[in-house]
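Worksheet: the structure to be examined is printed underneath.
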Amino acid sequence: MHTSISVGSHVCVPLFLSLQVVVFPFFLIDHVFFVLLIPYCINRTIMRLENNEIIRKREAETCRTETARSNDKYFQNCNIQTEKFDDWTSPRSAQLSHRQSKLRETEIDVETRRIKLKKLYQADRLKEEEAMKRIQKEEEKQKWECMKEKVQHFRHSKSAKLSEFLENKEHEKWKSTNDSFRVFESELKKQQQKEMWTIQLQQKEEEKARLMEEKKREAAQMERLVQEEKRRNELERQMELEKKQQWKKDLDAQVEQLRAMDFDANEKRREQERLMAEAAGLEAIKEEIQIKEEERAKRKQNGEFLTKQHLAKLRQRSKEVTADLEREMSFVEKLAESDRAQQKEKTRQDIMRFLELVENHRQIEKERLQQSEFLFQEEAKKLWEKRESEWEVERLARKKLMEDVITIQKKQIDERLLVARQERERLILDREELIRSLEGYHNQMKMKEMETKTKQFQTKVDLLAQIHQKQRSEEELIRQEEQKRKHQEIMEAAHSQKHWNISMDKLKL
């Protein structure tokens, strides 16, 4: 029991003893209950002590924090006061104070000047208002004087008109009551009417002559316009004819070019067919060479039974080699004849070299065949073995050279086929382009003809419109002349009446 209690601190030991003494009577009553109660009490005591210790530490930490904060605040205040003192005692502060004092003096000076200017402005404003009042008074006075002058002028003109009206009335009364004046007036009116009729007849004659002259001038102008239109139409027709001839020449040239293109296309097609035939011939030659190789292999397999008849076999083999040489020469001659005009230099040299090689082998075979006539059996056997190896070497050399020639020839044919195909396609495209241009020329000619017809129709309509406009202008001119003549007659009548009145006034005086 003492061992379990020692788990706590040394402070708990007296407490445990006191608890043991206190709860001793209970131990006699129930041992189990005592055992359970002791740890509980110990734990409660330990927890209380730990809480007290934590509270004490927190209070100490709080005290230290407050002390540090107060110290920081004190030092900050000291620093601020020190900075302010340094600032106040520095030369910059003196300069700033001097500058601020100058600024205040400047502001006071500006304010003083502003007050003076305000007073001057108010004085000028008062003077200006007084001047404006004087000017307004003078203007009103001038208006009143002008009004008086207008009233006086109106009165004077009214009195003058009234006196003139009275005089005219008296004059009219005198004209209506005097017989001699009426006779004179009738004679004067008759004379004036005769003069007016004479003047009107002269004016009518002049107007008639002027109208005739204008009609002649308009007819000449219309004739000139018609002639100019005819000349312009003739020039346009000639230009159109020249254009049509030029278009015809261009079309003929394009048709000839189209025919030439068709001819070239046919030539290219025939050349392509010929090249294809040559390619087919090369394939046939290759097949013949392949068949010959197969036959040689068969003959080699089937000719083993003649191993003891070396001399006969040697002669037979020599004849076969000669026949092979003849066939190869015929093949090469066919190749040489197929495209002799268009062969390249290298191909021609290869074919000539192959022909020389075949001819050399033929001569060698002839000599070998002649030599084999005088051989014995053993010599024929040795010679057979030697010749067989030589024939094989020569055959392989000829085969390689033949394959090179055929390969080069095939490549050249393929290149020419490609070029011919491209040329044919280009000719087809050019032909289509030329056909489109011919169609464009045809459409352009149609459009030109339509434009020419439209232009001629528009010219005709314009001429008719000009004629109608001219007729309307003549009618309007005649109407204006008639109105002018009537107005002139009225004006002449008024003028005559005025002269008559003046004459009567003179007679009255």
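The values are calculated or read from the model by the stated rules, or taken from the named source; none is laboratory data. As the structure is a computational prediction, the values presented were derived from the model and not from experiment. Please note: Cβ atoms are built from the backbone with ideal geometry, for glycine as well, and neighbour counts cover all protein chains shown.
Miscellaneous remarks
- Taking the criterion of being modelled with pLDDT of 80 or more and either more than 42 Å from the chain's Cα centre (by Cα) or over 30 Å from HIS442 (Cα atoms) (or both), the residues of the range 233-248 that qualify are GLU234, LEU235, GLN238.
- Flag if GLU213 is surrounded by 11 or more Cβ atoms within 10 Å (Cβ to Cβ), assigned to a helix (DSSP H, G or I) and either in contact with a strand residue (DSSP E or B) (Cβ under 9 Å, 6 or more places away or on another chain) or acidic (Asp, Glu) (or both): no
- The listed residues are LEU241, LEU201, LEU235, and the only one of them that is part of a helix (DSSP H, G or I), farther than 30 Å from GLN456 by Cβ and not basic (Lys, Arg) turns out to be LEU201.
- Residue list for the range 457-476, restricted to those being of a type in the set (A, V, I, L, M, F, W, C) and touching a residue at least 24 places away in the same chain (Cβ under 8 Å): LEU463, ILE467
- The conditions of being in a helix (DSSP H, G or I), modelled with pLDDT of 75 or more and more than 30 Å from GLU240 (Cβ to Cβ) are met by LEU418.
- Selection count, the range 411-442, where residues are closer than 30 Å to ALA277 by Cα and without any contact (Cβ under 8 Å) to a residue 12 or more places away in the chain: 9
- Selection over the range 197-254 of residues that are among the hydrophobic types (A, V, I, L, M, F, W, C) and farther than 30 Å from LEU438 by Cα gives a count of 11.
- Residues located in the range 457-477, provided they are over 52 Å from the mean Cα position of the chain (by Cα) and hydroxyl-bearing (Ser, Thr, Tyr): SER473
- Residues considered: GLU229, GLU205. Of these, the only one that is modelled with pLDDT under 80 and among the acidic types (Asp, Glu) is GLU229.
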